[in-house]
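The values are calculated or read from the model by the stated rules, or taken from the named source; none is laboratory data. All values reported here derive from a predicted model rather than from experimental measurement. Neighbour counts run over all protein chains shown; Cβ positions are idealised from the backbone, glycine included. What goes into the accessible areas is simple: the full protein's heavy atoms, side chains included, and nothing from ligands, DNA or RNA. Shrake-Rupley method; radii C 1.70, N 1.55, O 1.52, S 1.80 Å.
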Amino acid sequence: MRSRTGSAALLVAVALTVAVAVAATGCSGAANRIVGNTSTCAPFAAYRGNAGTRVTIYSPIRAVEADQLQKSWEQFQECTGIAIAYEGSSAFEAELRDRVTRGDAPDIALFPQPGLLADLARAGAVLPAADQVRANVDRWWSADWRAYGTVDGRLYAAPLTASVKSMVWYSPKLFAEQGYQLPTSWDDLLALSRQMVADGVTPWCAGIESGSATGWPVTDWLEDVVLRRSGAAVYDDWVAHRIPFDDPRIVAALDQVGEILRDPTMVNGGLGGVASIATTPYALAGLPVLEHKCGMHRQATFYAVNLPAGATVSPEGDVFAFYLPQIDPAYGHPVLGAGEFVGVFRRAPEVDAVARYLSTPDWVNGMARIRPTISANRGFDLNATATSLEQASTRLLTTPTATSRFDGSDLMPAALGPGTFWTGMTDWINGADTATVLHRIEASWPR
C-alpha cells in the first residue's frame, strides 16, 4: 500500500471534482422590548405579534441532537414570546399517522421521509406551505430540494438540515500505522478490504437495529451502489417505480453490497459474525472503528453524534470519514443525501411564524454555531460550521453540477420506504435470497 492520503483533502477534492450568523446570544427581554436595530432581538422583529402563544413540534430527533435542536430556537422564543414545545420519538413514522387519525396532530412535524409527507398531504392532514415560507424556499433552495417538499405541484414543506450518506468512517491512526491509502474507486475499496483481512483486521463493522426502523442502513448501501453502478436516471426510475423494484440491475446492486455485508471475512469487526449485523444498534455499530477492531464503517455524516465524548473528528484525529468511491466512472461521483422537511398541520400566525423562521439562513447559521451542521440552503455560511467534514459535505450537496440524490427509501411511499423495504433488508441480512426479497418488496408497492 502507498502512504495514506489526507482524508480532508480527498473529500474536498471530490467536492471540487463534482463541481464543487446568527450568534446564540441571550435576548434582553420579550418581543415588546425590541429597540430598533441595536437590540439583540432585532433579527426577530418580523415574527412579533404572537406573544403568549404555543407551538408544538414533533420529529424523530432525540437525545443530544434534540437538545441541540431546542437550543437553536431559544432566542426566537425569548424575542417573540412564542413558546415551542418539542417532542422526539423513535417511532415517529407510525405514531404520527396514529396521532393524525385520532385528531392529535402536532402543529409542526419534521419529516425525514418526503414519501410520508406526501401521503399525509394527499390525505389533507399536512397543509400547503404559507406564502412567506414558499418565498423563502424559492429564494434559498435549489429546484431539487424544493421538489422534495412538493406534492402534486404544490409546496407543502420547506427543507431544514441535510446529511451526506455516501461516507465511510475510519480511524486515521489505524490507516497511518498500517500505511493504508484512502480508496478512490470501488476496486480500491475492495482491495483495501482484502488487505485488511490479510493484516488480521476485520475490514467492516455494521449494525442495522433501530427499533421499528430496523433495516434502514442496508437501504442506504443499496441506494449508493445503484447510483454508482447504473447512474442517476436508473435510480430515479427505480425510486419512482417506473421500473420494477426487483429490476435485474437492482438485484445485481444488492448482490454487490452482499460482497461486503454477507461475507464473513469482511464483517463484523468487534461485534460478531454476519448475523450480528441485524441485532447491533446502528448507533453503536461504528464504535469498534475507534478501537481498531474494524477498519471501516459506512454511515452518514450524522453518525458523529454517536461518538463518545472527547473523540476527535479530523484527518489526524480518532475518527474521520471519506467519500464512498465511485464504481463506474461514467456516472461520476454521485452523492446520496437526506434531510428533514418542515410540515405544518395547523394554520395559525404563530405556527406560520415558526415554520417561516426555520426556512431561513438565519436559523441554519444559528444552528451551525451550536453543532456542526450541513445544509443545502444557499444562504448557509460555511464558516459557521466547525469542521472540514461538514463544510466539504455541504459543497457536495449544493454545487449545481453535482449528481446528488435524496435517500430513496425516504422518497418512496411510506408503506414501502419505512415498511417493506426496511424489513426486507433485515431479512436479507439474515440470509434471505436477494431476488426473493426484492420481489416481495415489489409486490408490496401500493397500486
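Test of understanding: among THR312, THR279, THR265, which residue is modelled with pLDDT of 95 or more and out of contact with any helix residue (DSSP H, G or I) (no Cβ under 8 Å at 6 or more places or on another chain)? Before the answer, list the steps.
On the way: THR312 fails: modelled with pLDDT of 95 or more; THR265 fails: out of contact with any helix residue (DSSP H, G or I) (no Cβ under 8 Å at 6 or more places or on another chain).
Selected residue: THR279, the only one of THR312, THR279, THR265 that is modelled with pLDDT of 95 or more and out of contact with any helix residue (DSSP H, G or I) (no Cβ under 8 Å at 6 or more places or on another chain).
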Matching residues in the range 46-65 (closer than 20 Å to ASN365 by Cβ, assigned to a helix (DSSP H, G or I) and of a type in the set (A, V, I, L, M, F, W, C)) number 1
Quick one: would you say LEU261 is of a type outside the set (Asp, Glu) and touching a Leu at 6+ places or on another chain (Cβ under 9 Å)?
no
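Would the range 291-303 turn up any residue that is among the hydrophobic types (A, V, I, L, M, F, W, C) and closer than 19 Å to LYS173 by Cα? Give the steps one after another, and end with the answer.
Going residue by residue through the range 291-303, those that are among the hydrophobic types (A, V, I, L, M, F, W, C) are 294, 296, 300, 302.
Checking which are closer than 19 Å to LYS173 by Cα leaves us with 294, 296.
Checked the range 291-303: at least one residue is among the hydrophobic types (A, V, I, L, M, F, W, C) and closer than 19 Å to LYS173 by Cα.
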For ALA253, the lone unmet condition from (1) at negative phi; (2) of a type in the set (Gly, Ala, Ser); (3) in a loop (DSSP other than H, G, I, E, B) is (3)
Enumerated helices (runs of 4 or more DSSP H) restricted to the range 86-172, each holding at least 3 residues that are under 22 Å from VAL351 (Cβ atoms) and open to solvent by less than 20 Å² (accessible area, probe 1.4 Å):
114-122
Could you list, ordered by first residue, the pairs with Cβ atoms under 9 Å in which the first is in the range 295-313 and at positive phi and the second is in a loop (DSSP other than H, G, I, E, B), at least 6 apart or interchain?
GLY310/ASP318
Any idea which residue in the range 256-270 is farthest from GLU209 (Cα to Cα), counting only those that are hydrophobic (A, V, I, L, M, F, W, C) and in a loop (DSSP other than H, G, I, E, B)?
MET266
Here the residues within the range 288-310 that are hydrophobic (A, V, I, L, M, F, W, C) and open to solvent by 30 Å² or more (accessible area, probe 1.4 Å) are LEU290, PHE302, ALA304, VAL305, ALA309
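Hey, which of the helices (runs of 4 or more DSSP H) in the range 320-428, taking only ones fully inside, have at least 2 residues that are more than 19 Å from GLY149 (Cβ to Cβ) and over 18 Å from the mean Cα position of the chain (by Cα)? Let's see the steps before the verdict.
Details: elements: 349-358, 361-370, 388-398, 408-411.
It comes to 349-358, 361-370.
Pick from VAL35, VAL64: which is farther than 17 Å from SER89 by Cβ and either hydrophobic (A, V, I, L, M, F, W, C) or at pLDDT 65 or above (or both)?
Details: VAL64 fails: farther than 17 Å from SER89 by Cβ.
Every option except VAL35 fails the conditions.
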Qualifying positions in the range 54-85 - out of contact with any strand residue (DSSP E or B) (no Cβ under 7 Å at 6 or more places or on another chain) and either of a type in the set (D, E, K, R) or open to solvent by 10 Å² or more (accessible area, probe 1.4 Å) (or both):
ALA63, VAL64, GLU65, ASP67, GLN68, LYS71, SER72, GLU74, GLN75, GLU78, GLY81
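Residue check: is ALA285 among the small types (Gly, Ala, Ser), on the phi < 0 side of the Ramachandran plot and either touching a Lys or Arg at 6+ places or on another chain (Cβ under 8 Å) or buried (at least 20 other Cβ atoms within 10 Å of the Cβ) (or both)? Outline the logic, then answer.
On the way: among the small types (Gly, Ala, Ser): yes; on the phi < 0 side of the Ramachandran plot: yes; either touching a Lys or Arg at 6+ places or on another chain (Cβ under 8 Å) or buried (at least 20 other Cβ atoms within 10 Å of the Cβ) (or both): yes.
Judged against the criteria, ALA285 is a match.
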Among the residues of the range 279-296, is any out of contact with any Phe, Trp or Tyr (no Cβ under 9 Å at 6 or more places or on another chain), of a type in the set (Ser, Thr, Tyr) and farther than 30 Å from PRO400 by Cβ?
yes
Determine whether the range 189-209 contains at least one residue that is modelled with pLDDT of 95 or more, in a loop (DSSP other than H, G, I, E, B) and touching a His at 6+ places or on another chain (Cβ under 6 Å).
yes
So, in the range 271-305, of the ones that are hydroxyl-bearing (Ser, Thr, Tyr), assigned to a helix (DSSP H, G or I) and touching a strand residue (DSSP E or B) at 6+ places or on another chain (Cβ under 8 Å), which residue ends up farthest from THR373 (Cα to Cα)?
THR279
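Scan GLU340, GLU316 and give me the residue that is crowded, with 20+ Cβ neighbours inside 10 Å and acidic (Asp, Glu).
Working: GLU316 fails: crowded, with 20+ Cβ neighbours inside 10 Å.
GLU340 is the lone residue from the list that is crowded, with 20+ Cβ neighbours inside 10 Å and acidic (Asp, Glu).
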